[in-house]
Every structure is written in C-alpha cells, then in structure tokens.
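The values are calculated or read from the model by the stated rules, or taken from the named source; none is laboratory data. Bear in mind the structure is a predicted one, so any value in this text is a computation, not a measurement. No Cβ is skipped: glycine too gets one built from the backbone with ideal geometry, and neighbour counts run over all protein chains shown.
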Ligand SMILES: Nc1ncnc2c1ncn2[C@@H]1O[C@H](COP(=O)(O)OP(=O)(O)OP(=O)(O)O)[C@@H](O)[C@H]1O
C-alpha cells in the first residue's frame, strides 16, 4: 500500500449529519424521520432486514433521491440535490449491484472516478495542451496508487468484465476513492464474496479509515459488521430502531426480534457449538487410536 494525498480529518468532527430524513414513494414510507451522524475517523454500520430502507437511505445521502423531508449536511454544508455534486463535495459510494464500465480497463475505470477532481477544461483536452498532458499524467499516477492500495496494480490493463467478482468489488472501491472523498459509503461490499475475500475487505476498510476517510457500510454479514464497526445503527421498516456499539446492538432484544428471533448469521447457536465439540472429540479419539500414536508421547 502506498502513501497518498488524502489528508486525515480531525477525529471526532461530524462529517455527515442527517436530520429527520424521510423518503416516501407514493403511499410507501421507505425511510421515516431518521437522524444519523458519522464522525471523522469512524466506521459506522447500517443494518436491517431486507426492505428496511437501507439503500433508500444511502440514496438520500448521495443525491440520487431528494428526501421528502429532512436535511443532509456534509461537513456542515447542506448537500446539493445531484449525485455528481455530492461526489464533488466529498461523498463517494459503491453500489449493491456492481456498476463498472465492463468494456473499459481497470485503470480507465479508476480514471473515470477522478473526473470530479480534474480541472482541465474541454478545450485543453481537445487541443491536447501541455496542461492537459500534465493533469492526465498526474491522474494516472494517482489511479495506479489506488490500484496498488486495493491490490489490483497488476490488473491495470485487464478489462473490468474479466475480473473475478471479488476483484470487481475492489475496483469499485478504488474508483470511489479516486474522487478523494472524506466519506465513503459501501453498499454490501462483501456480497458474493468467499470468507477469505470478506476478511481482505475488512482489512481494506480499516486501511481506508486509517487514511482519514470515514466509512458508512451496509452489510448483511453480521460478523463483518460487528468486527469492523465502531458504531452500528439498525433500520427496521424505515425507522432507526437501535444505535450503539457492536455489543449493545447484538444484545438488544428488539434487534434480535427484528431479525425474526434467528441468531445472527455466523453466530453459532448451542446446537452448532455442541456439534463442533462432538466432531472435535471424535477427531481427537481417532488421532489417539492411530497406529504409532503411542510412540509420540
Ligand atoms: N424507487 C422506488 N420506488 C418505490 N419503492 C421503492 C423504491 N426503492 C425502494 N423502494 C421500496 O422501499 C423499501 C425499502 O427498500 P430498500 O431497497 O431501501 O431496502 P433495503 O433495506 O436496502 O433492502 P435490502 O437489504 O434487501 O437491499 C422497500 O419496500 C422497497 O420496495
């Protein structure tokens, strides 16, 4: 991983401040009166059952939707109602359904993500002025740094569509980082990943936070969320039900009830624990009985 130009924000400063956000689609209220903050240096999780309103809330934070009621501020300023302006202001995001330019290379995808940070004008590009070449070289250098940061530097020339799924998700993150955000929103970043890829994504998110970028993440993988997040908020039927650290949220019976009383995904229940212990005891007995084992003692 390389050093880069992102300047860490002061820890504790409120980066995102959403107040009373409500989003209605006709008669359906998908998000209802949600207050939500993310502070500098934080990784915050947003969880909730399917259809709880998580993605709708993300869309309200990124200018894709204009909330029916409420206000969203980024570093004190009310967000403009256009997604490219929100990105320029400092909020970047990835999508639940990967949205890459499939027929462009990995490097080109990251370069596209830099457009809000490139000041060179139309004529400069058309006339290929020296200032354009200089800006282009700088953008490439930064894009390569970001590819190295996410571990894709050796795939810069590959077409995005040829990357395995887990790497496409990493590329989406690199592209989002290319806009030099102060806040990164990740919508189900580990969907479809195997446990190793999920673990690597966890490390990547920590590394992003360590660069001074606050992170807000939606995930269904509870182990990922509770390992990663300083704070977790639970949305149920569009309303914020509970917010707190991982232990508080995991122990809250309203949260368990909202997930239909099921133990959290990946949290082993009593039966599972007993099954694993029995299997281990069986394996130990088999090892002890193995020929030559007595000579090992
Ligand atoms: N553009 C839209 N028009 C109408 N209804 C919508 C729209 N977008 C979302 N909804 C509805 O709003 C509710 C919340 O959906 P949303 O996708 O935000 O939930 P979610 O928590 O992200 O779910 P999941 O975990 O399954 O992705 C759902 O009932 C959904 O059908």
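Can you name every residue in region 77-94 that is assigned to a loop (DSSP other than H, G, I, E, B) and either without any contact (Cβ under 8 Å) to a residue 24 or more places away in the chain or within 11 Å of the ligand (Cβ to nearest atom) (or both)?
79, 80, 81, 82
Being closer than 18 Å to residue 91 by Cα, touching a helix residue (DSSP H, G or I) at 6+ places or on another chain (Cβ under 6 Å) and modelled with pLDDT of 90 or more is true for just one of 228, 216, 185. Which residue is that?
None of the other options fit; the residue is 185.
So residue 97 clears everything in (1) touching a residue at least 12 places away in the same chain (Cβ under 8 Å); (2) within 30 Å of residue 223 (Cβ to Cβ) except one condition, right? Which one?
(1)
Go through 73, 99, 32 for me and flag whichever is surrounded by fewer than 21 Cβ atoms within 10 Å (Cβ to Cβ) and under 30 Å from residue 155 (Cβ atoms).
99
Tell me which residues, restricted to region 27-69, are more than 8 Å from the ligand (Cβ to nearest atom), at pLDDT below 95 and on the phi > 0 side of the Ramachandran plot.
41, 63
Return yes when residue 191 is under 26 Å from residue 86 (Cβ atoms) and either assigned to a helix (DSSP H, G or I) or in contact (Cβ under 8 Å) with a residue 24 or more places away in the chain (or both) and no when it is not.
For residue 191, the condition - under 26 Å from residue 86 (Cβ atoms) and either assigned to a helix (DSSP H, G or I) or in contact (Cβ under 8 Å) with a residue 24 or more places away in the chain (or both) - is met.
The rows are residues; the columns are (1) without any contact (Cβ under 8 Å) to a residue 12 or more places away in the chain; (2) more than 18 Å from residue 188 (Cα to Cα); (3) within 17 Å of the chain's Cα centre (by Cα).
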site	(1), (2), (3)
34	no, yes, no
41	no, yes, yes
46	no, no, yes
54	no, no, yes
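Looking only at region 210-244, count how many residues are within 16 Å of the ligand (Cβ to nearest atom) and either assigned to a loop (DSSP other than H, G, I, E, B) or farther than 22 Å from residue 60 by Cβ (or both).
Looking only at that region, the number is 7.
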